[in-house]
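> Here's a structure for you.
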Amino acid sequence: MKKPTTILIILIFFAISAQPLFANYAFYRTVINTCKAYRVDVKESAMSFTTQNGETVAFKLNLKSMRNNFDMVLLVGFMSAGQAIRHQQQLAEKMQKSGRNFTAELPNEVEISVLVPMSNENMVVMATADVDLVIQLSEGTLNSSGFMRQIKDSIQTL
């Protein structure tokens, strides 16, 4: 009699702890699929969430580009993060309508780093944007040049 109870407790524990894993998996899959559509290679190991006090603060994504297309790769990174954020919001709404408890994994800002190969060394271009701007870019309400003007002060080269 104790074995079925133990198995049931273990299954309940895994079901409860799987929600954050599902949220990250769905977020990462959306980023990967959007990047693939624009022929930008990305792996799950290049993505991370930064948290403080148990709250998601930033989503970080590291990408590689060719020497001349780093700006396009930067924009694709932001757009894919925006698509993933929108997907999480829609998933949360859908789950709540069906009566299930689901909290979306939503960062406050998005940071994209692009590794650009130069002659002997590599250059890193980093930019940070607020989630609202990233969502506007992914929805198409803000065009790419307007988005770049908005984040121009946050762009750094290392």
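The values are calculated or read from the model by the stated rules, or taken from the named source; none is laboratory data. Just so it is clear, the structure is predicted and the values come from calculations on it, not from any experiment. For neighbour counting, all protein chains shown are included, and Cβ atoms are generated from backbone atoms with ideal geometry for every residue, glycine included. Side chains included, ligands, DNA and RNA excluded: accessible areas come from the protein's heavy atoms. Shrake-Rupley method; radii C 1.70, N 1.55, O 1.52, S 1.80 Å.
> Considering only residues of region 118-138 that are open to solvent by 60 Å² or more (accessible area, probe 1.4 Å) and not acidic (Asp, Glu), which is nearest to Asn69 (Cα to Cα)? Working first, answer last.
Step one: filter region 118-138 for residues open to solvent by 60 Å² or more (accessible area, probe 1.4 Å), giving 118-122, 130, 132, 136.
Those left that are additionally not acidic (Asp, Glu): 118-120, 122, 136.
Details: Met118: 12, Ser119: 15, Asn120: 18, Asn122: 14, Gln136: 22 Å.
So the residue we want is Met118.
> With Thr103, Thr141, Thr30 as the choices, which residue is of a type outside the set (D, E, K, R) and either surrounded by 21 or more Cβ atoms within 10 Å (Cβ to Cβ) or without any contact (Cβ under 8 Å) to a residue 40 or more places away in the chain (or both)?
Sole residue among the options that is of a type outside the set (D, E, K, R) and either surrounded by 21 or more Cβ atoms within 10 Å (Cβ to Cβ) or without any contact (Cβ under 8 Å) to a residue 40 or more places away in the chain (or both): Thr141.
> Of the residues Phe59, Phe70, only one is in contact (Cβ under 8 Å) with a residue 24 or more places away in the chain, of a type in the set (Phe, Trp, Tyr) and either over 14 Å from Val31 (Cβ atoms) or surrounded by fewer than 18 Cβ atoms within 10 Å (Cβ to Cβ) (or both); which?
Working: Phe59 fails: either over 14 Å from Val31 (Cβ atoms) or surrounded by fewer than 18 Cβ atoms within 10 Å (Cβ to Cβ) (or both).
One residue alone meets the criteria, Phe70.
> Which numbered condition in (1) of a type in the set (Ser, Thr, Tyr); (2) out of contact with any strand residue (DSSP E or B) (no Cβ under 9 Å at 6 or more places or on another chain); (3) part of a helix (DSSP H, G or I) is the only one that Ser80 fails?
Single failed check for Ser80: (2).
> Turning to a different aspect of this structure: Among residues belonging to region 100-117 that are of a type in the set (A, V, I, L, M) and part of a strand (DSSP E or B), point out the one that is nearest to the chain's Cα centre (by Cα).
Val110
> Considering only region 61-71, I want to know if a residue exists there that is in a helix (DSSP H, G or I) and more than 17 Å from Pro107 (Cα to Cα). Before you say what the answer is, go through the steps one by one.
So the first thing to find is which residues in region 61-71 are in a helix (DSSP H, G or I), and the list is 70-71.
Checking the rest, the ones that are also more than 17 Å from Pro107 (Cα to Cα) come to 70-71.
Scanning region 61-71 turns up at least one residue that is in a helix (DSSP H, G or I) and more than 17 Å from Pro107 (Cα to Cα).
> Among (1) open to solvent by 70 Å² or more (accessible area, probe 1.4 Å); (2) without any contact (Cβ under 8 Å) to a residue 40 or more places away in the chain; (3) over 18 Å from Arg29 (Cα atoms), there is one condition Gln90 misses while meeting the rest; what is its number?
(3)
> Could you check Val110 against (1) buried (at least 16 other Cβ atoms within 10 Å of the Cβ); (2) out of contact with any strand residue (DSSP E or B) (no Cβ under 7 Å at 6 or more places or on another chain) and say which number it fails?
(2) is the only condition that Val110 fails.
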